[in-house]
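Please treat every number below as a calculation from the coordinates, not as lab data. Remember, predicted model here, so these are calculated numbers, not experimental data. Ideal geometry is used to build each Cβ from the backbone, glycine not excepted, and the neighbour counts take in all protein chains shown.
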Amino acid sequence: MFGQLLGDLALVSACFALELGEIANQNLLKIYDRWPPQKRYYLIEPGGKDFEQFPARMEVEFIQRKIGNRLMVVQQIKGLNIGDPLTDNSRRADGYRFHDVFHLSYAAHLGWSPVIRALLKLKRKSEPQLDENEDGARAIILEEGIATWIFNHAKGNDRKLYADVPPGRLDYSLLKQIRSMVDGLMVANCPLWQWENAILDGFRVFRELYHHKGGIVIVDLKRHKLIFNPPVPSTEII
């Protein structure tokens, strides 16, 4: 049986001028990209000056407020507002107002987030090529698009915001599509398992923020993880 299958494989390979050795090698690369025996984080070359780098550790507070009939989320670092207040931007309340935690997770696990760079004024102006191509408007829009697309995927077909998805089981086609979307950027070199870690960790903390109506997110870029702390009781929490 095995011999017959191997013969059929060789015949099909010959029909398409493919070499079995190359096919086997590509399959191994695919496996290591998705399920490596040992996970070593790929570190993107940061570039730029020291003062243009992500902090090794950040504490970001997500504060939910009700303004009129709308729920809004304000983010603060050391009491200072970061960016604009966010709503769900949808007729159906779905918690998307907390979605900036996804960008924080990309920063922690991938060392990449043009959105967070823009919010923290960390665009690498000292290197014009990086500033324009890696930190510019196109990269920011792309990251926002990826975050929104993944969020919609996580909501659909009873996926429960990936609550039941263990590491190694996130939709493979989703990960491949993300890689194709970031083609040409430095982050395209990150393995798929690293993207999966960023996505699942981001959704883990997103679910906590949504449940607790806010909270404090510690972003540890050295250890590549997010830590969630519930919000301090406040009259602002709705």
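Residues Asp100, Asp171 in ascending order of nearby Cβ atoms (within 10 Å, fewest first): Asp171, Asp100.
Between Lys39 and Asn27, full extension at 0.36 nm per residue minus the direct alpha carbon distance yields a gain of 2.5 nm. If you wrap the Cα atoms of region 38-77 in a convex hull and average its projected area over all directions, you get 5.5 nm². Of Gly83, Gly168, Gly68, the residue with the greatest mean-square motion in the GNM of the chain, using alpha carbon springs below 10 Å, is Gly68. Please list log₁₀ I(q)/I(0) at q = 0.07, 0.13, 0.14, 0.16 Å⁻¹ for the chain, using the Debye equation with identical point scatterers on the alpha-carbon positions. Log-scaled intensity ratios, in q order: -0.28, -0.83, -0.94, -1.18. Calculate the length of the line joining the C-alpha centroid of region 37-81 to that of region 99-132, in whole Å. For region 37-81 versus region 99-132, the Cα centre distance is 9 Å. Of the residues Leu11, Leu119, the one with the fewest other Cβ atoms within 10 Å heads the list, and the complete ranking is Leu11, Leu119.
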